[in-house]
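Take a look at the structure set out below.
The values are calculated or read from the model by the stated rules, or taken from the named source; none is laboratory data. Given the structure is predicted, the values throughout are model-derived calculations rather than measurements. Cβ coordinates were reconstructed from backbone atoms using ideal geometry, including for glycine residues, and neighbour counts include every protein chain displayed.
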Amino acid sequence: MRHYIAVFALLAAVYCEEVFNGDQVLRIHAESKKHIQILKELERDVDFGLDFWTNVVSTELPVDIRVPHARLYAIKNFLKENNIPFTVMINNVKELLDREREEMVHNAEMERKTKSFNFAAYHDLDTIYNFMDTLVANHSNLISKVNIGSTYENRHMYVLKFSTGGEKKPAIWIDAGVHAREWISHATAVWLADRIATDFKENRTPVPSILSQMDIYLMIVANPDGYVFTHRSLSEFYRFWRKSRSATSNPKCHGVDLNRNWDAEFGGPGASDDPCAEDYRGPSAQSEIEVKNIANFITDHGNFKSFMTLHSYKQLLMYPYGYVGTDAPDRTELHDVATQASKALNSWHGTVYKVGSIFHTIEQASGASVDWAYLRGIKYSFAFELRDTGEYGFLLPADQIVSTARETWFALRYIMQYVCDHPY
Amino acid sequence: MQSVIRTHLESVSSHSCYATELSFINSSTRRRSPPEWIMKTFCSVWLLLSLVELRPALPVSQETPLACRGPADPALQQPETPEEMDTTGDLEPTHYPARRAATVALHYLNTRHGSPYRVFGLQQVHKASAEDVAAGGRKYSLDFSVTTSPSGSAGPALRCSAEVLFPRTERHTPPDVQLNCEALQQLNSTAEDEAFYQKYITPDSAVSAQYLPDSYGNMSEDMQPFWRLARVAASFIMLRESSENTEFNMAQVASITQQESSEKQLMLDYVVLLHDLPSQEIIQWKLLASWSPDSGVRVLQMEWQPRCPHATKPPN
């Protein structure tokens, strides 16, 4: 309905703009009962052509009148003669209408873009980057786009910052797309970005209260080069690409596993030294520019309280450590949080996630981002492996995107609320 | 302020502009700039053309050649068994050693009872334990539930118990599985299996397809039974290649080509891609499978394939 009014008003505006050319809007400040009386008489005189935008009530409230161009001189004289103070609020109604119209067209387009964005589909990098811009434009009071550096192939690395202001509030980090072929992670993150924005705008608990105390940083594509590569062709060599796209010591093999390249027990078991391997750790910790950019950003910020990374598949919610089997000092608490989060997740669609440390649940892994974050003091660090358990694996049908994203949101929301309630 | 203007606008327009609204609509659509739309189309066509031209023009040596790696010998992959593996006795059901052993049991179950309309998946492990055995292997005892696909979690879950023996030998030896599932004997071939068989056993049937599912997870309904058959056939390979250090799933059917039926069996040439969770490797296998409702799935030939786009034959 609002849409139709907007369109109607738009059409009317274009047509009618000439009618208002030169008109002004005056704000009258009546100061006495006599003034009020005079103004009321003016109001009653329909033939005079004045357009009262607000009614004459009392000396407390100003009166706004649109005065046709032809009547301007007469009215201003009349008001001056009667010592009724006024100011020119709008110098030329037509100009204001023009600007209004432009803004309306722009807003309608932006709204159409996000409302018509198909969350139930996998999109390429350009489309996702456009979506980010649209989201920022539509929620400019909340979201900004931060450029944290370039990739190996010189693409921008963007993080969406959700913030209600303040200087380096305690923050939550969520990334997706570290591994290029895990498309459900990017798709989930896109949906999440929109969901957080909408929940804030529509004042839906607990998002506004979380954002009043914390900032959320959401990186939808942590490995843009890899993601672009997976779209190059349907052939499995491209679609199943996992790593970055950097040159290695072996000219026949490219790429480093961006989740084995962090400075967390780098070099230990649980990663490969072979550049041709899928879990190749790279020549040195943070050798990959993508990892370096994220690590530097988080370190420079200095006030992150939670670090979460989205992957697929296997339906697991895990906490540190990956590099060793001994319990992390906060293991009990992290296990409880993860368990509750997985229950929240399960409540949406019945999807069952298993909970445990990376080492025990999936495999030993060294140089993992979650370990790095935890060892840096970011206590609430979790890794998600999203749907499914192996039936479709990396090729999860698009019609599962929205329900996967929603159940993941239930878990994330729980964790974020918990982090917010447990400052340290 | 803006809303004041808007509502005001509406009131004015209802007086003076409504009558001429229709003629205005026509003029406004004409006023929208066509050039932008034309430019966009032009650029898209140009891009498409330049892409098509570019690919064959690139000399093979400039395209990223792949290393043609030999089949990963699972026994060699991880010479040290991580700490977790050495635990004897009760195992945590949610941890990977139990899950890997259960996955092997699932491969076995599928080879014996899988069909175009029945593929088994692991729902969860209830209990697990492991012990070292005399000959130097490791035996896992498992209590777990499985789901059947299609119908997945919506359908009933079957309760199973299994013993999975991983021999620890120099060269890889396939694991040995003893399996028992409730109500397994009552599982007959379904009506859908029969209908599928009748449809494609006809002499002129020559189904072929690529990428099941495609990059976006799409697959036509017609192809789903062929995809499930591939998963069953792949189970033979996954079972044979499994060790305590692997956890296989079928990632995709790269291609399927129906061969001439032989001895009342559907004959299908597949290239399948397997995904191993611990190493994250994608491994390609070519196989020839036969199936009929009575005989079940059999794999007649299987051949590891190097993932080199430019090699026509494996290196050896």
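Considering region A:335-356, the residues that are under 26 Å from residue B:278 (Cα atoms) and facing chain B (nearest Cβ under 9 Å) include one that is nearest to the chain's Cα centre (by Cα), namely A:351. Filtering region B:173-183 to residues that are over 25 Å from the mean Cα position of the chain (by Cα) and touching a residue at least 24 places away in the same chain (Cβ under 8 Å) leaves B:182, B:183. Taking region A:201-281 and the helices (runs of 4 or more DSSP H) fully enclosed by it, the elements with 1 or more residues that are within 14 Å of chain B (Cβ to nearest Cβ) are at A:224-230, A:236-239.
When region B:266-283 is filtered for residues that are in a strand (DSSP E or B) and buried (at least 19 other Cβ atoms within 10 Å of the Cβ), the ones remaining, listed by number, are B:266, B:268, B:270, B:271, B:272, B:273, B:274, B:275, B:276, B:282, B:283.
Identification of helices (runs of 4 or more DSSP H) wholly contained in region A:290-399 with 3 or more residues that are under 19 Å from residue A:420 (Cα atoms), in contact with an Asp or Glu (Cβ under 6 Å, 6 or more places away or on another chain) and charged (D, E, K, R) yields no element.
Take residue A:222 and decide whether it is touching a Gly at 6+ places or on another chain (Cβ under 6 Å) and assigned by TED's automatic domain parsing to the domain that holds residue A:288. Yes; evaluated as a whole, the condition is true for this residue. Residues in region A:380-399 that are over 15 Å from residue A:311 (Cα atoms) and among the hydroxyl-bearing types (Ser, Thr, Tyr): A:380 only. All told, residue A:185 falls short of being assigned to a helix (DSSP H, G or I) and surrounded by fewer than 17 Cβ atoms within 10 Å (Cβ to Cβ). For the criterion of being in contact (Cβ under 8 Å) with a residue 12 or more places away in the chain and touching a helix residue (DSSP H, G or I) at 6+ places or on another chain (Cβ under 6 Å), residue B:249 fails. Only one entry in B:98, B:128 is modelled with pLDDT of 95 or more, over 24 Å from the mean Cα position of the chain (by Cα) and more than 14 Å from residue B:248 (Cβ to Cβ), namely B:128.
Of all residues in region A:198-224, how many are out of contact with any strand residue (DSSP E or B) (no Cβ under 8 Å at 6 or more places or on another chain) and buried (at least 21 other Cβ atoms within 10 Å of the Cβ)?
Residues that pass the stated criteria total 2.
From the list A:299, A:332, the one residue that fits, being more than 14 Å from every other protein chain (Cβ to nearest Cβ), more than 28 Å from residue B:281 (Cα to Cα), more than 29 Å from the chain's Cα centre (by Cα) and surrounded by fewer than 17 Cβ atoms within 10 Å (Cβ to Cβ), is A:332.
The residues in region B:230-246 that are of a type in the set (A, V, I, L, M) and not in a helix (DSSP H, G or I) can be counted, and the count is 0. Checked against (1) more than 22 Å from residue A:257 (Cβ to Cβ); (2) more than 10 Å from chain B (Cβ to nearest Cβ); (3) touching a residue at least 24 places away in the same chain (Cβ under 8 Å), residue A:401 meets all criteria but (2).
Take the residues in region B:244-261 that are among the polar types (S, T, N, Q) and over 23 Å from residue A:240 (Cα atoms), then tell me which one is farthest from the other protein chains (Cβ to nearest Cβ). Applying the filter and picking the extreme gives B:261.
Might you check whether a residue that is in contact (Cβ under 8 Å) with a residue 60 or more places away in the chain, surrounded by 14 or more Cβ atoms within 10 Å (Cβ to Cβ) and among the aromatic types (Phe, Trp, Tyr) occurs anywhere in region B:225-236? Before the answer, list the steps.
Filtering region B:225-236 down to residues in contact (Cβ under 8 Å) with a residue 60 or more places away in the chain leaves B:225-226, B:228-229, B:231-233, B:235-236.
Remaining after also requiring surrounded by 14 or more Cβ atoms within 10 Å (Cβ to Cβ): B:225-226, B:228-229, B:231-233, B:235-236.
Narrowing further to those that are among the aromatic types (Phe, Trp, Tyr): B:226, B:236.
Yes, that holds for at least one residue.
Scanning region B:219-275 for residues that are of a type in the set (Phe, Trp, Tyr) and under 15 Å from residue B:298 (Cβ atoms) yields B:236, B:270. Applying the criterion of being in contact (Cβ under 8 Å) with a residue 40 or more places away in the chain and either closer than 17 Å to residue A:37 by Cα or within 13 Å of another protein chain (Cβ to nearest Cβ) (or both) to the residues of region A:50-68, the residue that is farthest from the chain's Cα centre (by Cα) is A:68.
Being among the aromatic types (Phe, Trp, Tyr) and either closer than 22 Å to residue A:393 by Cβ or within 13 Å of chain A (Cβ to nearest Cβ) (or both): is that true of residue B:166 here? Judged against the criteria, residue B:166 is not a match.
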